[in-house]
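The values are calculated or read from the model by the stated rules, or taken from the named source; none is laboratory data. A quick note: this is a predicted structure, and the numbers were derived from the prediction, not measured. In this analysis, Cβ positions are derived from the backbone assuming ideal geometry, glycine residues included, and neighbour counts consider all displayed protein chains. Each accessible area value is taken on the protein alone, full model and side chains, heavy atoms only, with ligands, DNA and RNA left out. Shrake-Rupley method; radii C 1.70, N 1.55, O 1.52, S 1.80 Å.
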Amino acid sequence: MKKIITCTIILAVSTFSVAQVRVGDIVLPYKVNFDQEELTLNGAGMRSVLGFDTYSGGLYTKKKYSDPKVVLDSDESMSIRLNIVSKKVTNKRMVKVFRKGFDDAMFGNTKSLDERINEFLKLFSSPMQINDYYDLVYLKGKGIKTYKNGEELGFIKGRDFKYALFKIWLGNEPACELIKGGMLGLSK
């Protein structure tokens, strides 16, 4: 009987450990569900500034991708999870990063997205804490639903908005090369 209990515990622990992935001090779930769609971690990375970790980024998709262009052009449900790991990451700094990211992603031509970008940035008005996480979920054919710690904050319509948002991390000039490589499973 002891052997059966021991084997059951080992099986449960090993299943639990496979169901999560560690990125720095952050533990990401291997699978997430949004609007009844299951997404699997494609890859993840950590952004560091001057040797200090600031936030991690994970890409969740339905199938594995290593080509950023395919991810950006895809019209399938997918998600980016950002986990805050430093008190230096404030909502004001994150909004600044998003603004610069949209500008870089769209080569300075954000006019067609400006109204939606402003709506999106308002979703980040509450203070950020260490261990807060944000899910930026693209719902196929619809747009981006944003969650903070599992609570829905808002919705921004359009595949073009998803393209610009995901390009912040997966474009030719990403916010962080380490996160881009990690999200695409190209770096460990």
**Prompt:** Which of rounded, prolate, oblate describes the chain, given a ≥ b ≥ c as roots of the alpha-carbon gyration tensor eigenvalues and a/c under 1.5 marking rounded, otherwise prolate only if a/b is larger than b/c?
**Reply:** prolate
**Fill in**
With every protein chain kept in place and a 1.4 Å probe, region 63-188 has an accessible area per residue in Å² of 52 Å²
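Give me the percent of accessible area attributable to carbon and sulfur for region 104-188, probe 1.4 angstrom.
The computed percentage sits at 48.
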**Prompt:** Mean residue ellipticity at 222 nm from the helices of the chain, using -39,500 (n - 2.57) per DSSP H segment of n ≥ 4 over the full residue count, to the nearest 500 deg cm²/dmol?
**Reply:** -10500 deg cm²/dmol
**Item:** Within a Gaussian network of the chain (alpha carbon springs, distance under 10 Å), most fluctuating of Ser126, Ser79, Ser56
**Value:** Ser126
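What order do Phe107, Phe124 take when sorted by accessible area (1.4 Å probe), most exposed first? Walk me through the numbers before you get to the answer.
Working: Phe107 155, Phe124 5 Å².
From most accessible down to least: Phe107, Phe124.
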**Asked** Counting pairs on different chains as well as pairs 8 or more places apart, how many Lys pairs in region 23-114 have Cα atoms under 23 Å apart?
**Response** 14
**Message:** Solvent-accessible area of Phe155, probe 1.4 Å, all protein chains present, reported in Å² to the nearest ten, please.
**Reply:** 90 Å²
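Based on Cβ point charges of +1 for Lys and Arg and -1 for Asp and Glu, what charge dipole magnitude is obtained for the chain about its Cα centre, in debye rounded to the nearest 20?
Numbers: 30 positive and 21 negative charges, 74 e Å.
Rounded to the nearest 20 debye, it is 360 debye.
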**Message:** Heavy atoms only, 1.4 Å probe, whole protein assembly: order Thr40, Thr146 by accessible area, highest first.
**Reply:** Thr40, Thr146
**Item:** Point-to-point label distance, Lys62-Lys157, nm (Cα→Cβ direction, 7 Å offset)
**Value:** 2.2 nm
